[in-house]
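Below is one structure, written out as structure tokens; the observations come after it.
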Amino acid sequence: MNTLLTTKKRTFNIWDFGGQHVYKMRSQWPIYFQNARALVLVVDGTDTGRVADARQLLYDALRECGRHVRVLVLTNKCDVSTCMSSDEL
């Protein structure tokens, strides 16, 4: 899904790769990451089994984008009692 958000000074082209199919799109990453200035990764804070996958996904994305991008990692489901701490993530 693609969203174009324009403010007074900036335009944001936001791509949502969400879910499992992100790996299927991997061959197209160079197209999406071209001229990227930032990368936002949202991690499921309750899914301990996929933390390593999320970490690898982030490293792979950074290789595609180049290390010059800013990175923001967000955790969802923080209100759930089984959510991992920031140290665990």
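The values are calculated or read from the model by the stated rules, or taken from the named source; none is laboratory data. On a predicted model such as this, the values are computed, not experimentally measured, just so you know. Please note: Cβ atoms are built from the backbone with ideal geometry, for glycine as well, and neighbour counts cover all protein chains shown. The area values use the complete protein model at the heavy-atom level, side chains included, leaving out ligands, DNA and RNA. Shrake-Rupley method; radii C 1.70, N 1.55, O 1.52, S 1.80 Å.
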State the answer as a single residue: which of Ala38, Thr6, Thr75 lies farthest towards the positive end of the charge dipole of the chain, with beta carbon charges of +1 for Lys and Arg and -1 for Asp and Glu, about the Cα centre.
-> Thr6
Taking 0.36 nm per residue of separation and subtracting the Cα-Cα distance, what length does fully extending Asp79 through Thr11 add?
-> 21.3 nm
Of the accessible area of the chain, with the probe set at 1.4 angstrom, what percent is carbon plus sulfur?
-> 52
Accessible area per residue in Å² at 1.4 Å probe, computed on the chain | 78
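Taking the convex hull of the alpha carbon atoms in the chain, what volume per residue do you get, in Å³? Working shown, then result.
Values: hull volume 10.8 nm³, N = 89.
Value for the chain: 122 Å³ per residue.
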Could you work out the helix-only [θ] at 222 nm for the chain, with each DSSP H run of four or more residues adding -39,500 (n - 2.57) and the total divided by the number of residues, to the nearest 500 deg cm²/dmol?
-> -6500 deg cm²/dmol
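Once the convex hull of the alpha carbons of region 34-80 is built, what does its volume come to per residue, in cubic angstrom? Working shown, then result.
On the way: hull volume 2.7 nm³, N = 47.
Each residue corresponds to 58 Å³ of Cα convex hull volume.
Just to verify a number: FRET efficiency for Asp87 and Asp60, C-beta to C-beta distance, R0 = 22 Å, to 0.05? Walk me through the numbers on the way to the answer.
Working: r = 23 Å, r/R0 = 1.07.
Result of the calculation: an efficiency of 0.40.
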